[in-house]
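Let me begin by presenting the structure, written as structure tokens, before commenting on it.
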Amino acid sequence: MKAIEIIGDNYFGNWTSSRSACRAIIIKDGKMLLSYETETDQWMLPGGGLEEGETQEECVIREIAEETGFVIRPVSECLLEIDEYYEDCKWPSFYFLCEIIGTTESHLTEREMEVGMEPRWLPVKEIIGVFSKHQDYADTDEMRRGMYLREYTALTTILDGYEETAE
């Protein structure tokens, strides 16, 4: 597994808290499954926080079901870990290639309902283009800038050469 560090300009130099997350990359017919917030016009790879006693694989399966209503299975071991450092926090994210094997009822959190989170499919090249504009948010939305940088880094690392093999 490859590991990458992203250190934010606001990192204090040491971290005192950490929250791990597991994220899925699901591609079908040249399109990628994403979570989209209709109220904020924000995209992200589906996934979320690792709960105590849960394996990374269990986390990614649970989170995708909750956010999207799709039942998935990882088709690989964890391919990438991205450790982000902001202020006094470390935010590890673990990425899995997955496939859909069924459907279920989604269970959104209150915040996810407030922002209008819904699953959407977008062409792979288009979403990489959206995430590539992470620096556009440097002066206005540090959270989005960091998230888009993380997702762009993950996708370009894991999907290196995808366009050539998909066409």
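The values are calculated or read from the model by the stated rules, or taken from the named source; none is laboratory data. Predicted model only: the values in this text are computed from it and were never measured. Quick reminder, even Gly has a Cβ in these numbers, built from the backbone with ideal geometry, and neighbours come from all protein chains shown.
List of remarks:
- Criterion (closer than 20 Å to ARG19 by Cβ and part of a helix (DSSP H, G or I)) met by exactly one of MET113, MET147: MET147
- Flag for SER76 being buried (at least 17 other Cβ atoms within 10 Å of the Cβ) and of a type in the set (Ser, Thr, Tyr): no
- For the stretch 7-37, filtered to residues that are within 18 Å of ILE101 (Cα to Cα) and either charged (D, E, K, R) or at pLDDT below 95 (or both), the residue that is surrounded by the fewest Cβ atoms within 10 Å (Cβ to Cβ) is ASP29.
- Residue count for the stretch 2-51, restricted to those that are among the hydrophobic types (A, V, I, L, M, F, W, C), outside any loop (DSSP other than H, G, I, E, B) and more than 27 Å from VAL75 (Cα to Cα): 1.
- Within the option set GLU118, GLU87, GLU114, GLU58, being at pLDDT below 95 and acidic (Asp, Glu) holds for one residue only, GLU87.
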